[in-house]
Amino acid sequence: MAELRRKDVDLRSRGIKVRRGVVRAKLDSDGESGRQAIVKGPKTDAGVRDVPIPPHLLDDVRAHLREHAEEGRDGLLFPGRAGHHLTASSFYGRESTFRKDKSLYRTGHGWYEARRLAGRPDLHFHDLRHTGLTNAAVAGATMAELMAFAGHSTPGAAMRYQHAAADRMQNLAKRLSEIAQGESDV
C-alpha cells in the first residue's frame, strides 16, 4: 500500500497494478542510525498482480486521487510527510482524546481514529484484507482466483479465506435438490 503510485491505478480497466512494496530498514552507518524506506518487489512472484477495483468503489478511488494522492504519474497514493513514504506512526495515528467533561482535548487521525469513529477499536488493519478476500470467496471466487487476487503463492494461505464459503454449503446442497427435483429455473 505504501508504495502504490498514480501510475499503478488504471481507471479505464478498473484495476490497480501491484509491482512494488516498501520496507523500512534500520541503518547504522558512520555513527548515524535511523530507518530508511527501501523499495523492492513483492515477497513472491505471485505478489506481482493486477487487482480489480470493484465498480462501486470507482468514485471513491477518483475522489482519493483528487484529494489525497501526490501529483504526477509517480505521485504516491498514500503520501507521508514531505513527499516521503507513509510511516507506520503516521498511518496508525492516534485516537482523539477527551476531557472529563467530554470536550475534545486532542484531535485524532489515522487508523486508530477511524476505528474509534466506527465503534470498532478491536479491528486490525489486516482485517480489511481478510474481509475483502472472505467476501470474494462468498461471491464464488475459486481457490486460484483468491490466490491471484491476494498475491498468495500457496493454496494454504488462500484457504484462510475459504471458511465463509464453507458456510454456503447447505445453501448449495438445497439448490442442488431444487435442480434435481425440477423446482429451479437453472
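The values are calculated or read from the model by the stated rules, or taken from the named source; none is laboratory data. Note that the structure is predicted; figures quoted are calculated from it, not measured. So basically every Cβ, Gly included, is an ideal-geometry build from the backbone, and we count neighbours across all protein chains shown.
Of all residues in segment 104-124 being surrounded by 15 or more Cβ atoms within 10 Å (Cβ to Cβ) and in contact with a Phe, Trp or Tyr (Cβ under 7 Å, 6 or more places away or on another chain), which is farthest from I38 (Cα to Cα)? Across segment 104-124, the extreme among qualifying residues is Y112.
Is it the case, given these coordinates, that R99 is touching a Ser or Thr at 6+ places or on another chain (Cβ under 7 Å) and of a type outside the set (D, E)? So R99 does not fit the description; no.
Go through the residues of segment 33-42 one by one and say whether even a single one is in a loop (DSSP other than H, G, I, E, B), without any contact (Cβ under 8 Å) to a residue 24 or more places away in the chain and either out of contact with any Pro (no Cβ under 6 Å at 6 or more places or on another chain) or within 12 Å of G151 (Cα to Cα) (or both). Yes, the conditions are met somewhere in segment 33-42.
Take the conditions farther than 17 Å from D8 by Cα and loosely packed, with under 10 Cβ neighbours inside 10 Å and apply them to D59. Does it pass?
Details: farther than 17 Å from D8 by Cα: no; loosely packed, with under 10 Cβ neighbours inside 10 Å: yes.
For D59, the condition - farther than 17 Å from D8 by Cα and loosely packed, with under 10 Cβ neighbours inside 10 Å - is not met.
Can you name the residue in segment 142-158 that is more than 20 Å from G41 (Cα to Cα) and without any contact (Cβ under 8 Å) to a residue 12 or more places away in the chain and is also surrounded by the most Cβ atoms within 10 Å (Cβ to Cβ) among such residues? Write out each step before concluding.
Looking only at segment 142-158, we keep the residues that are more than 20 Å from G41 (Cα to Cα), and these are 142-146, 155-156, 158.
From what's left, without any contact (Cβ under 8 Å) to a residue 12 or more places away in the chain: 142, 144-145, 156.
On the way: T142: 12, A144: 10, E145: 14, G156: 8.
That would be E145.
Inside segment 54-105, residues that are of a type in the set (A, V, I, L, M, F, W, C), in contact (Cβ under 8 Å) with a residue 40 or more places away in the chain and more than 18 Å from V22 (Cα to Cα) make up a count of 3.
Give D50, D101 a once-over and let me know the one that is surrounded by fewer than 14 Cβ atoms within 10 Å (Cβ to Cβ) and either closer than 26 Å to T154 by Cα or among the charged types (D, E, K, R) (or both).
On the way: D50 fails: surrounded by fewer than 14 Cβ atoms within 10 Å (Cβ to Cβ).
Result: D101 is the single residue among D50, D101 that is surrounded by fewer than 14 Cβ atoms within 10 Å (Cβ to Cβ) and either closer than 26 Å to T154 by Cα or among the charged types (D, E, K, R) (or both).
Listed here are the helices (runs of 4 or more DSSP H) enclosed by segment 96-186 that have at least 1 residues being at pLDDT 85 or above and not basic (K, R): 110-118, 126-138, 143-150, 155-159, 169-180.
Only residues that are in a strand (DSSP E or B) and more than 21 Å from the chain's Cα centre (by Cα) were counted across segment 63-95, and they come to 0.
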